[in-house]
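Here is the structure we will look at.
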Amino acid sequence: MEEELPDDIYDRVSDLSERGNDLLEAGQADAAIVAWQSALALLPEPRRKWEAAMWLHASIGDAQQQQGETEAALLSFQEAAESADGYANGFVQLGIGTCLFDLGRKAESTDHLLRAFMAEGEEIFEESDPKYFDHLRSQKLID
């Protein structure tokens, strides 16, 4: 049985997470990241065991990536992968793969992009630049 966050912490983390999402949609990525970092700070140690840690790190990575902070985004997505079931999460794998690709580490990105595809299918690439999906095609890993 997976342990659950106490209700008061869950509610505060959820509120901060929503606030971060709203701020990011409003184009305020830095404020969104602060909200998500505040939510992370509320999680009991070890933080990585909580599913919330995975999606908060992934959200931070997404915002950092949108701002062109690719190195920082990669670290956030890697932290997400090491939290809860993050390694099995298609969005997390896509984030790692796209960051590695954009940092010129294309060979290294292939495995993560393929994991994202295997977890979620072609749909996960719909919001992304086609170059990532085309990379998998060029490697003859998908049709």
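Just need the relative contact order of the chain here, percent rounded to a whole number, with Cα pairs under 8 Å and 6+ apart.
15 percent.
Read through the labelled values (i) 0.95; (ii) 1.31; (iii) 1.00 and report the label of the one computed as Rg/Rh (Cα atoms, Kirkwood Rh) from the structure.
(iii)
If I model a spin label as a point 7 Å beyond the Cα along the Cα-Cβ vector, how far apart are those points for E3 and E18 in nm?
2.7 nm
From the Cα gyration tensor of the stretch 93-143, with a ≥ b ≥ c the square roots of its eigenvalues, which class applies: rounded if a/c is under 1.5, or else prolate if a/b is larger than b/c, or else oblate?
Note, shape of the stretch 93-143 comes out rounded.
Of the GluC sites (Glu not before Pro) in the stretch 3-49, which ones lie in a loop per DSSP and count no more than 16 other C-beta atoms within 10 Å?
For GluC sites (Glu not before Pro) across the stretch 3-49 that sit outside H, G, I, E and B with at most 16 neighbouring Cβ atoms in 10 Å, the list reads E3, E4.
Return a whole-number percent for the relative contact order of the stretch 1-69, with Cα pairs under 8 Å and 6 or more residues apart as the contact set.
Here the relative contact order equals 31 percent.
How far is helix 70-81 tilted, in degrees, relative to the longest principal axis of the Cα atoms in the chain, given as a value from 0 to 90 rounded to the nearest 10?
Helix 70-81 sits at roughly 70 degrees to that axis.
Just so you know, all these numbers are worked out from the coordinates, no wet-lab data involved. As the structure is a computational prediction, the values presented were derived from the model and not from experiment. Cβ coordinates were reconstructed from backbone atoms using ideal geometry, including for glycine residues, and neighbour counts include every protein chain displayed.
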